[in-house]
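Following: one structure in structure tokens, then a few remarks.
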Ligand code: SF4
């Protein structure tokens, strides 16, 4: 099955409104999801460890300028308890998420990561903003496996309009993503759909960039401004470009999720909480049927849950971790899918990641449409590296077109 899709085709699908045509897109995304990452739905236990943030993003309720929000930072024991709860529910990953909170000290966070890695079998994913390289390196060294940092939009002007720099520091999220990869993290990113001033071409560029960045995890949600922010209270307004504005609707998010599955067939793609917020009845299920393969049940203690107000009316604000777990299990089974076991890292990344004691070989460019084991279509030279101990993989790399792979 070909996974090649040009930017013009992405743009066409983003503008498509015909339900019968869109059904084709959903089916294509679902088939590729099934063939590349299977029917397992991986559950990542989300722990919102702090709602402090030093940034002023123009749409987010955690922005430092929002004085109407009571702030919290979980302590070490609370975080470890949440991680143990993730283990008890059978999850393979805990996601520690917060605002860009410099009250989260480098060494304190490193200690938490070390404790979780030492006391549980969990993969640790961090989502703590644009932290300096030394923090990221320290946390990787402590054992963190993955890092999430959404670039939100690939349009640099639009990005800057809604994400003011921190003091005089200018950040480049794409550069940080590359450095995260260099540090050995599995890297996740994503976008918001329907940002004021966002065009269809801009979203098509975002999706094409997912492919270029070779992301391991990709989260996509609708733009939902918090009412206590300049973009939520109407004090700031962005005119549309040439009369064009991507709507922040559920349908647009499904299109972006499905197209993302086409451009990054092996990535882990969540059906996000923001999607569940705009369609509480079955937004997550529809996401899973249109390309997604991950859920992130919330394990944040209830006393903090309502304070993590990035946007209003969040789904699953009052359910305990237990209730969330039971509800999601039923929803997954209702779709005829099953809950993934283990850490659920990106499969092909596992195969292609350079490791000590590895062999590698370049595969030359071949005629368009040539498939290699695993379903890749070769469109450019590809260097792959596999552990030398993995005989099956070694054989497939040394003889990529063998039917015995
Ligand atoms: S979007 Fe992230 S960095 Fe921006 S204010 Fe909200 S929590 Fe902070």
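The values are calculated or read from the model by the stated rules, or taken from the named source; none is laboratory data. In this text, all values refer to a predicted model and were calculated from it rather than measured experimentally. Heads up, the Cβs are rebuilt from the backbone with ideal geometry, glycines too, and the neighbour counts pull from every protein chain shown.
Inspect the range 246-253 for any residue being within 22 Å of residue 15 (Cα to Cα), buried (at least 19 other Cβ atoms within 10 Å of the Cβ), within 16 Å of the ligand (Cβ to nearest atom) and without any contact (Cβ under 8 Å) to a residue 60 or more places away in the chain and give the result as yes or no.
Start the filter on the range 246-253 by keeping residues that are within 22 Å of residue 15 (Cα to Cα), which leaves 246-253.
Those still in the list that are buried (at least 19 other Cβ atoms within 10 Å of the Cβ) too: 246, 248, 252-253.
This time we only want the ones that are within 16 Å of the ligand (Cβ to nearest atom), so: 248.
From what is left, the residues that are without any contact (Cβ under 8 Å) to a residue 60 or more places away in the chain are 248.
Yes, because at least one residue in the range 246-253 is within 22 Å of residue 15 (Cα to Cα), buried (at least 19 other Cβ atoms within 10 Å of the Cβ), within 16 Å of the ligand (Cβ to nearest atom) and without any contact (Cβ under 8 Å) to a residue 60 or more places away in the chain.
Here residue 75 fulfils each of the conditions (1) in contact (Cβ under 8 Å) with a residue 24 or more places away in the chain; (2) more than 16 Å from the ligand (Cβ to nearest atom); (3) out of contact with any strand residue (DSSP E or B) (no Cβ under 9 Å at 6 or more places or on another chain) apart from (1).
From the list 259, 231, exactly one residue is more than 13 Å from the chain's Cα centre (by Cα), assigned by TED's automatic domain parsing to the domain that holds residue 37 and either free of Cβ contacts under 8 Å to residues at least 12 places away in the same chain or buried (at least 24 other Cβ atoms within 10 Å of the Cβ) (or both). Which is it? Being more than 13 Å from the chain's Cα centre (by Cα), assigned by TED's automatic domain parsing to the domain that holds residue 37 and either free of Cβ contacts under 8 Å to residues at least 12 places away in the same chain or buried (at least 24 other Cβ atoms within 10 Å of the Cβ) (or both) holds for just one of 259, 231, which is 259. Among the residues that make up the range 135-144, is at least one of them out of contact with any helix residue (DSSP H, G or I) (no Cβ under 7 Å at 6 or more places or on another chain) and in a helix (DSSP H, G or I)? Yes. Take the range 80-112 and flag every residue that is surrounded by fewer than 22 Cβ atoms within 10 Å (Cβ to Cβ), touching a strand residue (DSSP E or B) at 6+ places or on another chain (Cβ under 8 Å) and more than 30 Å from residue 160 (Cα to Cα). Those that are surrounded by fewer than 22 Cβ atoms within 10 Å (Cβ to Cβ), touching a strand residue (DSSP E or B) at 6+ places or on another chain (Cβ under 8 Å) and more than 30 Å from residue 160 (Cα to Cα): 85, 89, 90, 92. You will find that of 118, 38, 12, the residue that is farther than 23 Å from residue 248 by Cα, surrounded by fewer than 16 Cβ atoms within 10 Å (Cβ to Cβ) and over 20 Å from the mean Cα position of the chain (by Cα) is 118 and no other.
In the range 155-168, the residues that are closer than 21 Å to residue 200 by Cβ reach residues that are more than 14 Å from the ligand (Cβ to nearest atom) with C-beta atoms within less than 6 angstrom, at least six apart or across chains, in these pairs: 155/202; 158/197. Is one or more of the residues making up the range 269-284 buried (at least 18 other Cβ atoms within 10 Å of the Cβ), in the same structural domain as residue 190 (by TED's automatic domain parsing) and at pLDDT 95 or above? Yes, the range 269-284 has at least one match.
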